[in-house]
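What follows is a structure written as structure tokens; I'll ask about it next.
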């Protein structure tokens, strides 16, 4: 079953509209969607290594714009959804402390989250909620997301065929490993 899904993704990666799907996925993942764009970025670069830089650029720009959308969700819709929760549980003092801490270290937090497998949308929304300086947020997002996606593209461009063979040979194990990292990231966020 995984092999069929992998083959379908590889075929989709070579589809003429794949770049638009990647763009939409990268945008959505930075603001509300749980699946990272890497699942399409990787096979797209493997399928078309001569377009690696264009693919990474589209993924980066879309992710940054999606991050700004996540920031807007946090900045303008927190009052509707989040604030009543904070008030209901009488967490105003704790939330203010969190806001101060986040704004003090926000650029580093956004940069680390943008590069790591931790769900980035949590930090884009938190940046809006805490009113992190928008320019700081955009610069940290641009640096970390671009570094991440261009690094993936570089590695796949340089070592594409061996990496593709490695992935195809160990697809089940790599899928399990990815799921463990994803669940681990959510658990880590819960206890931070």
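We did not get these values from a lab; they are worked out from the coordinates using the rules stated. Being a predicted model, the structure only gives us computed values, none of them experimental. Cβ atoms come from the backbone with ideal geometry, glycine included; neighbour counts cover every protein chain shown.
Quick one: 166, 78, fewest Cβ neighbours within 10 Å first, how do they rank?
The most exposed by this proxy come first: 166, 78.
Here's a follow-up. Among 121, 17, 54, 97, which comes first, second and so on when ranked by fewest other beta-carbon atoms within 10 Å?
With the sparsest Cβ surroundings first, the list reads 17, 97, 54, 121.
On to the next question. Test of understanding: ordering 120, 76 by Cβ neighbours within 10 Å, fewest first, what list do you get?
Starting with the residue having the fewest Cβ neighbours, the order is 76, 120.
Next up: Viscosity 1.306 mPa s, temperature 10 °C: Stokes-Einstein D of the range 37-138 from its Kirkwood Cα radius, in µm² per second?
106 µm²/s
Would you mind calculating the gained length between residue 131 and residue 103 on full extension (0.36 nm times residue separation, minus the Cα-Cα distance), in nm to one decimal?
9.3 nm
Please find the FRET efficiency linking residue 76 to residue 166, where r is the Cβ-Cβ separation and R0 is fixed at 41 Å, and quote it to the nearest 0.05.
The computed FRET efficiency comes out at 0.40.
Also: Please give the length that would be gained between residue 139 and residue 151 if that part of the chain were fully extended, namely 0.36 nm times their separation in residues minus their C-alpha to C-alpha distance (nm, one decimal).
Difference between extended and current length: 2.5 nm.
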